[in-house]
1. Give me log10 I(q)/I(0) at q = 0.17, 0.19, 0.20 Å⁻¹ for the chain, Debye formula, one equal scatterer per alpha-carbon, no solvent.
2. Report, by chain and number, residues whose modeled amide H sits under 5 Å from the one on Gly111, excluding near sequence neighbours (fewer than 5 apart, same chain).
3. Within a Cβ distance under 11 Å of Asn146, other residues only, what is the Lys/Arg minus Asp/Glu net charge?
4. May I ask for the net charge around Met38, where only other residues with Cβ less than 12 Å from the Cβ of Met38 are counted and Lys, Arg are +1 while Asp, Glu are -1?
5. Would you mind counting up the charge near Gly111? Only other residues with Cβ under 13 Å from its Cβ, with Lys and Arg at +1 and Asp and Glu at -1.
6. Please state the shape class of region 31-92: rounded when a/c is under 1.5, otherwise prolate if a/b exceeds b/c and oblate if not, all from the C-alpha gyration tensor.
7. Would you work out the relative contact order for region 2-153, in percent, from Cα pairs under 8 angstrom that are 6 or more residues apart?
Amino acid sequence: MGSALFVLCAGEDAHKVAHAHGFAPKLRAVERFADGWMMVVINDVSHQYCGIKGKRLEKDVYKAVKEALALFHKDGFVHGDLQETNIMVKRDWVDSECLGDIILVNFDWAGKENTVRYSSNITLNHPDIPRPMGIERGGLVSSAHNDQMLEFLS
């Protein structure tokens, strides 16, 4: 079974690389529509993973995300929207010791470093979504931004 998302951009290659490394659900399909919108279908992982919205990253989750990002960056890719709503942990970690098994989701702004750009309507200066210095609407996404976003979550 899959989950469908409707987006204006989709980092297909980045998503596939993340899945190959084991830290993203499988990308099943991307359907492009004439009006610029896309439907992205991924494997439904809600029975295995849950979100961590509103929580700081546990030490082991932080370590697992950092290791995933290192692999991603080594391949030349960046995420572009690394925040707690886009990190999911195995369901058996909730209310128990976390062992580091994570996935990342929402690869809309993901792609090759210094090629992919932030959305022109990215939320800036919001108290609940800290952003590193240097991020701007339509600006290039860098691995340094990913690393700084991860630090904000720790």
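1. Evaluating at q = 0.17, 0.19, 0.20 Å⁻¹ gives log10 I(q)/I(0) of -1.01, -1.26, -1.39.
2. Result for Gly111 returns Val78.
3. Working: positive: Lys66; negative: Asp81, Glu113, Asp147, Glu151.
Charge balance near Asn146 sits at -3.
4. Residues near Met38 contribute -3 overall.
5. Details: positive: Lys16, Lys112, Arg117; negative: Glu12, Asp13, Asp75, Asp81, Asp108, Glu113.
Neighbour charge sum, excluding Gly111 itself: -3.
6. Numbers: a/c = 2.23, a/b = 1.41, b/c = 1.58.
Judged from the Cα gyration tensor, region 31-92 comes out oblate (a/c at least 1.5, b/c at or above a/b).
7. On the way: 271 pairs, mean separation 38.4, N = 152.
Relative CO of region 2-153 lands at 25 percent.
No value in this document is a laboratory result; all are computed from the given coordinates. Worth saying up front: this structure is predicted, and the values here are computed from it rather than measured. Note: ideal-geometry Cβ built from the backbone for every residue, glycine included; neighbour counts use all protein chains shown.
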